[in-house]
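The values are calculated or read from the model by the stated rules, or taken from the named source; none is laboratory data. Keep in mind the model is a prediction, meaning the values are calculated, not measured. Here Cβ is always computed from backbone atoms with ideal geometry, including for glycine, and neighbour counts include all displayed protein chains. Quick note on the areas: whole protein, heavy atoms, side chains included, nothing else; ligands and nucleic acids left out. Shrake-Rupley method; radii C 1.70, N 1.55, O 1.52, S 1.80 Å.
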Amino acid sequence: MVDLRSKFLGGMVGSALGDAIGEIAFRLPDRERLLGALARRETLVYTDDTAMAIGLAESLRERGEIDPARLGEVFRGNYEREPWRGYAMGPPALFDLVRRTGVSYTAAAASLFGGSGSFGNGAAMRIAPLGLFFHRAADLYAQAAASAEVTHAHPIGVDGAAVLARAVARAVREDPGAGIRPAEWARDLAAFARTEEMRERLGLIPALLEEDHPPGEAARRLGRGIEAHLSAPYAVYAFLRRPDAFEECLLGAVLHGGDRDTLGAMACGISGAYLGVEAIPEEWRGKLENLAIIEELAEALLARSA
């Protein structure tokens, strides 16, 4: 039985927790030390990954579709209110370019990096609300691309967002009581991808799962950096290795180096959307910063998508 409310809440809260806990893992990259710190913390503070996911959810709640101009304005407004969230250089430079020149966000994004656009994972890290909202949409790739191109115009950056959106959307539709076939999931996502770089990395996942490679080895082979094709596949792997356990998915995503907060946000957005919010440790949920706002957005997305 699929409980959409639980899955929408799980996807939004799960992604934010993966981000917040992944940020702590930069300083405590050890399982027991990390778990001990989480037990002691009063608040789990998220980064720009979740701030931008919140912006995407706010825009979808308001418009019911991807409106690139409005989405860019929401992103910029949220950045200006909370510039300390840990934004990389790209978004502030983009916002400044739009402010100075008056060009559209998509045009500004396409002009960055010598006109190639960014192929970082910034569009994928925030995609959970879109995967939830459009979980039955036939044009999911186009919707994900429209949301990505506001900041990430390179085909690889767009592809990372679309692949993660498909993973979240599929997780919403699946019944966790029935289980999944992880290798088939990975092949499906590879077929959905449109860049060779993303297809190649996703294509490694079935063998890594079937041969039971340890997460550290899988992270090394799939990538764990800031580039979309060198991070989104490992986030998918972290979920598929332990689709039955949110906590193990999260720890697998964040404890093996690289862009830990973003790997956590991507992997746990899928895990939460698959297992539902009840599978997320209540102690962690209760400590998440702005939990009520995130839950309210999840409820609003569910109501509007219906």
**Q.** Where 246, 26 fall by accessible area, highest first, once all protein chains stay in place (1.4 Å)
**A.** 26, 246
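Give a quick list of GluC sites (Glu not before Pro) in region 1-43 that DSSP marks as loop, anything other than H, G, I, E or B, with at most 11 other Cβ atoms within 10 Å.
Details: sites: 23, 32, 42; in loops: 42.
In loop regions of region 1-43 (DSSP not H, G, I, E or B), the sparsely surrounded GluC sites (Glu not before Pro) are 42.
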Q) Tell me, what does the Kirkwood hydrodynamic radius of region 186-306 come to in angstroms if you use every pair of distinct C-alpha atoms? A) 15.1
Q. Counting alpha carbon pairs within less than 8 Å and at least 6 residues apart, what relative contact order, in whole percent, applies to the chain?
A. 33
Q: Using Cα pairs closer than 8 Å and at least 6 residues apart in sequence, work out the relative contact order for region 1-118, in percent.
A: 18
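How large a share of the accessible area of region 37-77, in percent, is made up of carbon and sulfur atoms when the probe is 1.4 Å and the other protein chains stay in place?
Values: 630 of 1570 Å².
Here it works out to 40 percent.
With each run of n ≥ 4 DSSP H residues scored as -39500 (n - 2.57), what mean residue ellipticity at 222 nm is computed for the chain after dividing by its residue count and rounding to the nearest 500 deg cm²/dmol?
Numbers: 19 runs with 211 residues, N = 306.
Dividing the helical sum by the residues of the chain leaves -21000 deg cm²/dmol.
How large is the dipole of the chain about the Cα centre if only Lys and Arg carry +1 and Asp and Glu carry -1, each at its Cβ, rounded to the nearest 20 debye? It would help to have the intermediate numbers written out before the result.
Numbers: 34 positive and 43 negative charges, 67 e Å.
Value, rounded to 20: 320 debye.
In a shell of Cβ-Cβ distance under 15 Å around residue 63, excluding residue 63 itself, what net charge do Lys and Arg (+1) and Asp and Glu (-1) give?
Details: positive: 61, 70, 304; negative: 58, 62, 65, 67, 73.
Spelling it out: positives minus negatives among the neighbours equals -2.
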**Q.** Rounded to the nearest 10 Å², the accessible area of residue 99 at probe 1.4 Å
**A.** 150
Q) For residue 288, which sequence-distant residues (separation of 5 or more, or a different chain) have an amide H within less than 5 Å of its own amide H, given hydrogens modelled in the peptide plane? A) 44
Q.
Net charge within 9 Å of residue 297 by Cβ-Cβ distance, Lys/Arg positive one each and Asp/Glu negative one each, not counting residue 297 itself?
A. -3
Q) Can you list the trypsin sites (Lys or Arg not before Pro) in region 110-181 that are in a DSSP coil and have 13 or fewer other beta carbons within 10 angstrom? A) 136
Q) Where is the GNM fluctuation largest for the chain (alpha-carbon springs, 10 angstrom cutoff): 12, 266, 198? A) 198
Q | Using θ = phi - 60° and Karplus 6.51 cos²θ - 1.76 cosθ + 1.60, couplings along region 133-139 (whole Hz; Gly, Pro as x) | A | 4, 9, 5, 10, 6, 6, 9
Q | Solvent-accessible area per residue, Å², over the chain with all protein chains present [probe radius 1.4 Å] | A | 39
Q | Rounded FRET efficiency, nearest 0.05, which uses the C-beta distance separating residue 80 from residue 183 and R0 of 41 Å | A | 0.40
Q | Residue-by-residue Karplus 3J(HN,Hα) for region 232-239, coefficients 6.51, -1.76, 1.60, Hz, glycine and proline x | A | 4, x, 5, 4, 4, 4, 4, 5
Q: Apply the Karplus parameterisation 6.51 cos²θ - 1.76 cosθ + 1.60, with θ equal to phi minus 60°, to every residue of region 252-258 and state each ³J(HN,Hα) to the nearest whole Hz, in sequence, with x for glycine and proline.
A: x, 6, 9, 9, 10, x, x
